[in-house]
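What follows is a short report on a single structure.
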Amino acid sequence: MPSQDRIAFALSVSPDPASPERVAGFRASAEQHPVRALMRDGARVLELGCGVAGQLVTCLQAFPAMTAVGVELSDDLADIAEQRAAALGVGDRLRVVRGDAADFVDPEPFDVAHWSQFFFPAPTRAGAVRAMFGALRPGGLAYLPLPWDLEEYDARPTSGATRDYRLMRVVLASWGVPEARYEDLAAELTAGGFVDVALIRPAADVPRVIARRP
C-alpha cells in the first residue's frame, strides 16, 4: 500500500487523540474498565501494532501516571505516532519502537500488553503472542480488541453495518488477516501460555479479550 493510503487508512480506524471529549471518555471509563483502571493507577503499557498511536496517545492524556511503548512496523505511521505524542504533550511518556512485533524485547516488564490483532496476518500472529507473553510481568494482562460485532452481522446480514464490515474484510483478507472471533483469539492466547482468557464488554467501548500471564 502506498504511504499516503496507509496513513489515511490508519487515521480512519484510530481514535482521535486531539478530541477532549474522547480523552474525557477514556478517563471516565476507568471506573468500570479493568485495564484502564490499571492505566489510571500507573501501568506500564505495551501496544503491538500501534499504528499512528491514536489509542495510546488518548490513554496517555487521560491517565497521566501511565507510560507506554508502541511497536510499529511502518516508519511513516511511527513518525506520525511520535509527532502526535509530542504535539499533545505526552511524548516524554511514549516510546515508539520501529520493527516487527515478534522481535520486540525489553528488559523492563509491562503490566498490560495491547495487541491490535485485527491487522496481523496469519503467519505473524503466533510471534506476536510470544512477544506479548515475554514482555509481561507475571500476572500481567494481555488485551485484544474485537472491533466488529460479528454475531450481530451474522444476525443482520443485509444491514448497513454488515455491508461496511464486509467491505473492510475485502481489504483485510487481501493482507492475509483472518476473521478472528472470540474462540479463535482464546485459542491463540491459550496456545501462547496465557490463562484466564475471557471476553469483556466494557461500557462505551468495543468488546475486548483479556488474558493473564501466569
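So, with +1 on the Cβ of K and R and -1 on the Cβ of D and E, and no other charges, what is the size of the charge dipole of the range 124-214 about its Cα centre, to the nearest 20 debye?
Numbers: 12 positive and 11 negative charges, 67 e Å.
With only Lys, Arg, Asp and Glu charged at Cβ, the dipole is about 320 debye.
Just to be sure I understand: with springs between alpha-carbon atoms less than 10 Å apart, which residue in Leu48, Leu88, Leu167 has the highest mean-square fluctuation in the Gaussian network model of the chain?
Leu167
Checking the a/c ratio against 1.5 first, then a/b against b/c, what shape does the Cα gyration tensor give for the range 86-195?
prolate
Pick from Glu72, Glu82, Glu179: which is most flexible by mean-square fluctuation in a GNM of the chain where alpha carbon atoms under 10 Å apart are linked?
Glu179
So what is the orientation-averaged projected area of the range 163-214, using the convex hull of its C-alpha atoms, in nm²?
Dividing the Cα hull surface by four gives the mean projection, 4.7 nm².
Let's test the formula: R0 of 25 Å, r as the Cβ-Cβ distance of Arg181 and Arg6. What FRET efficiency results, to the nearest 0.05?
After rounding to 0.05, the efficiency reads 0.40.
If we sort 180-193, 135-148 on the protection proxy, mean other Cβ atoms within 10 Å, highest first, what's the order?
Top to bottom by mean Cβ count within 10 Å: 135-148, 180-193.
If r is the Cβ-Cβ distance from Glu108 to Arg212 and R0 is 22 Å, what FRET efficiency results, to the nearest 0.05?
For R0 = 22 Å, the calculated efficiency reads 0.70.
Could you give the size of the charge dipole of the chain about its Cα centre, using +1 on the Cβ of each K and R and -1 on the Cβ of each D and E, expressed in debye and rounded to the nearest 20?
Once rounded to the nearest 20, the dipole reads 280 debye.
What does the C-alpha gyration tensor say about the overall shape of the range 45-92? Classify as rounded when a/c is under 1.5, otherwise prolate if a/b is larger than b/c, or oblate.
Values: a/c = 2.28, a/b = 1.40, b/c = 1.62.
Oblate shape, in that a/c is at least 1.5 and b/c is the bigger or equal ratio.
Which residue, Phe194, Ser159, Gly140, has the largest displacement toward the positive end of the dipole of the range 133-214 when charges sit on each Cβ (Lys, Arg +1; Asp, Glu -1)?
So the residue furthest toward the plus end is Gly140.
I want the antiparallel fraction of DSSP beta bridges within the range 50-188, as a percent rounded to 5.
Within the range 50-188, antiparallel bridges account for around 0 percent of the total.
Would you please classify the overall shape of the range 1-118 from the alpha carbon gyration tensor, given that a ≥ b ≥ c denote the square roots of the eigenvalues, rounded means a/c under 1.5, and beyond that prolate means a/b larger than b/c while oblate covers the rest?
It comes out oblate by the Cα gyration axes.
How would Arg213, Arg95 line up from fewest to most surrounding beta-carbon atoms within 10 angstrom? List each step's numbers first, then the result.
Numbers: Arg213 23, Arg95 14.
Neighbour counts put them in this order, fewest first: Arg95, Arg213.
Just so you know, all these numbers are worked out from the coordinates, no wet-lab data involved. Fair warning: this is a prediction, and the values are worked out from it, not measured in the lab. Note that we place each Cβ from the backbone using ideal geometry, even for glycine, and neighbour counts take in every protein chain shown.
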